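This report refers to the structure that appears directly beneath it.
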Amino acid sequence: MSDNEKSQIEKRGSTRRTFLKNSGLAVGGLILGGAVGSIFDGNSDGGVKTEQKNQTQGNNPNEALMFFYPEEYQTTAAAAERIFPKDETGPGALELNAAIYIDHQLNSGWGVNEKDYKLGPYYKPGPTQGEQVKLYRKDLFRLGLKELNAYSNKNYQKKFTDLDATGQDEVLAAFEKGEASSLSGVSSSAFFQLLRTLTIEGVYADPLYGGNKEMLGWQMRKYPGSRMGYTKEIQSKEFVKLDPNSLQSHMKH
């Protein structure tokens, strides 16, 4: 190999190494830039909020919709908040993610009544009996949300989420009494009972299911949650106050 050929090969090798080296700096710069950007964001107005928001989203991947369309979710969240409103004792259903819990339940086998007997005959229920509903729960709920807006527009010229708290309460009270239009042959009271039950479950169920955000529902009730045992607490002569534990805590055993 001539000296000229060796020189050209070394030059090409040097060029590649230089490119890789510079690329590495560029990539490192991008990563560092993101981190620095976060730091600068944290020192600027609103930047801390951005970082905290990202952490919150990362902490609870269950906060995502699987069944509702966005507008359905907003209507459900507003209705649930009126059933379990925020007050001086703690957060309401909106903050506790009860609507997320409802979304996940309706998307599950429970939403299609997979364990229920759904064949006829269907009799008219007695005064002390629950209503036999042919519809799947998910379909009844979706029809109920549409009727909430239809009833609100008809009587208040606004959709449900645009009403004030008093107006929303009046609409829900009409549904509870079965005064709204039937939902494919099912009384609006059946939808209200379903909404009410799911809201309460979303407030107090284990966070595993999407609601009861950060176990705040349990904290309001001073409920200790799920634990492997209470031997030490029972044997203690002093009252032991326990912070709530979710089912996730069992993963540490």
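The values are calculated or read from the model by the stated rules, or taken from the named source; none is laboratory data. None of these values were measured; they are calculated from a predicted model. All Cβ positions, glycine included, derive from the backbone under ideal geometry; neighbour counts span all protein chains shown. The area values use the complete protein model at the heavy-atom level, side chains included, leaving out ligands, DNA and RNA. Shrake-Rupley method; radii C 1.70, N 1.55, O 1.52, S 1.80 Å.
Here's the yes/no breakdown for (1) charged (D, E, K, R); (2) under 19 Å from Y69 (Cβ atoms):
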{"position": "V112", "(1), (2)": "no, yes"}
{"position": "P121", "(1), (2)": "no, no"}
{"position": "P127", "(1), (2)": "no, no"}
{"position": "Q132", "(1), (2)": "no, no"}
{"position": "L143", "(1), (2)": "no, yes"}
{"position": "K154", "(1), (2)": "yes, no"}
{"position": "E170", "(1), (2)": "yes, no"}
{"position": "A180", "(1), (2)": "no, no"}
{"position": "S187", "(1), (2)": "no, no"}
Checklist entry - Within the stretch 133-141, is even one residue more than 18 Å from I102 (Cβ to Cβ), assigned to a loop (DSSP other than H, G, I, E, B) and not small (G, A, S)? => result yes
Next on the checklist: Quick check on my filter: what residues within the stretch 42-79 are exposed (fewer than 13 other Cβ atoms within 10 Å of the Cβ) and modelled with pLDDT of 95 or more?
Outcome noted: Y69, P70, E71
Next on the checklist: Any residue that is more than 24 Å from the chain's Cα centre (by Cα) and either surrounded by fewer than 13 Cβ atoms within 10 Å (Cβ to Cβ) or without any contact (Cβ under 8 Å) to a residue 12 or more places away in the chain (or both) - is there at least one of those in the stretch 132-141?
Outcome noted: yes
Checklist entry - Taking the stretch 203-253 only, how many residues are part of a helix (DSSP H, G or I) and either of a type in the set (F, W, Y) or surrounded by fewer than 18 Cβ atoms within 10 Å (Cβ to Cβ) (or both)? => result 20
Checklist entry - Tell me, which residue of the stretch 78-91 that is part of a helix (DSSP H, G or I) and not β-branched (V, I, T) is nearest to L198 (Cα to Cα)? => result A80
Item to check | Residues that are open to solvent by 20 Å² or more (accessible area, probe 1.4 Å), touching a residue at least 60 places away in the same chain (Cβ under 8 Å) and either of a type outside the set (D, E, K, R) or not in a loop (DSSP other than H, G, I, E, B) (or both), drawn from the stretch 92-130 | outcome: H104, Q105
Checklist entry - When both residues are 6+ apart or on different chains and their Cβ atoms are under 7 Å apart, which pairs have a first residue that lies in the stretch 199-218 and is under 15 Å from G90 (Cβ atoms), and a second that is open to solvent by less than 10 Å² (accessible area, probe 1.4 Å) and at pLDDT below 95? => result M215/G225; W218/G225
